[in-house]
Amino acid sequence: MPSSSLTASEARPRLHELTVIDVRTPGEYASGHLPGAHNIPLDRLDRALPALRTAAERGDLLVVCASGTRSARACDILSGHGITAATLTGGTDSWAELGHDLHRPAGARTAWAMERQVRLAAGSLVLAGLALGRVRPAARLLSAGIAGGLVFSALTDTCGMAHVLAKLPHNRPKDTDLDATIASLTA
């Protein structure tokens, strides 16, 4: 690929020639993904490196997430292993905003987007810290810790809470699903 990123408008006409890798959690992937995208969550990318190398040798890779942040991180990881890939600028959010089709697996349970899961967890923990702080003042430190974590997250463009939430069962692929995805990339 000539550049390290493609806009949705640039990627759409080339979709038939790209191998699309969606690095979101399986729940996010089930809520809607680019047509033909393969789901390999970012935290499982290392396991799929040999298959991704094979796929990249056959054609161009396009890595996708919700907004472009995780896919950019995935492209950095792939680049570190000698695999060239581009990221979709703005991710599936940008794709959907332009009215492009998103596919959803039939009968799949749709999980909340990771950003929404983080907002719920952070808000719940802050409220719990404030409520408990009325009885035990030291419990307010929980709220302060979450606030500090959110500031750090914004400054570094990383999210420790999302990393933890991605480990929950509804956000994890079944090993058989990941194995099937890896096998389809090498076929």
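The values are calculated or read from the model by the stated rules, or taken from the named source; none is laboratory data. In this text the structure is predicted, and so the values were computed from the model without any measurement. As a convention, Cβ positions derive from the backbone with ideal geometry for all residues, glycine included, and neighbour counts pool all protein chains shown. In case anyone asks, the SASA skips ligands and DNA or RNA and just uses the protein heavy atoms, side chains included. Shrake-Rupley method; radii C 1.70, N 1.55, O 1.52, S 1.80 Å.
Highest GNM mean-square fluctuation, the chain, Cα pairs closer than 10 Å: which of L88, L127, L49?
Per the Cα network of the chain with a 10 Å cutoff, L127 tops the list.
What helices does the chain have that are whole DSSP H segments, at least 18 Å long along their own axis by Cα, and with mean Kyte-Doolittle hydropathy of 0.5 or more?
Those that pass (Cα extent of 18 Å or more, hydropathy at least 0.5) are 114-133, 140-156.
Got a sec? Charge dipole of the chain, +1 on Cβ for Lys and Arg, -1 for Asp and Glu; which of G68, S31, L130 is way out at the positive end?
Farthest along the dipole direction, towards plus: L130.
With +1 assigned to the C-beta of every Lys and Arg and -1 to the C-beta of every Asp and Glu, and no other charges, what is the dipole magnitude of the chain about the Cα centre in debye, to the nearest 20?
The calculation lands at about 820 debye.
Where the only charges are on Cβ atoms (+1 Lys, Arg; -1 Asp, Glu), what is the dipole of the range 98-147 about its Cα centre, to the nearest 20 debye?
260 debye
Rounded to the nearest angstrom and ordered from largest down, what semi-axes does the equivalent ellipsoid of the chain get from its C-alpha gyration tensor (root of 5λ)?
Semi-axes (√(5λ), whole Å): 34, 17, 16.
Most mobile of P169, P137, P13 per a Gaussian network model of the chain (Cα springs, under 10 Å)?
P137
Quick one: pull the percent of accessible area on the chain belonging to carbon and sulfur, 1.4 Å probe, ligands and nucleic acids left out.
Of all accessible area on the chain, carbon and sulfur atoms account for 59 percent.
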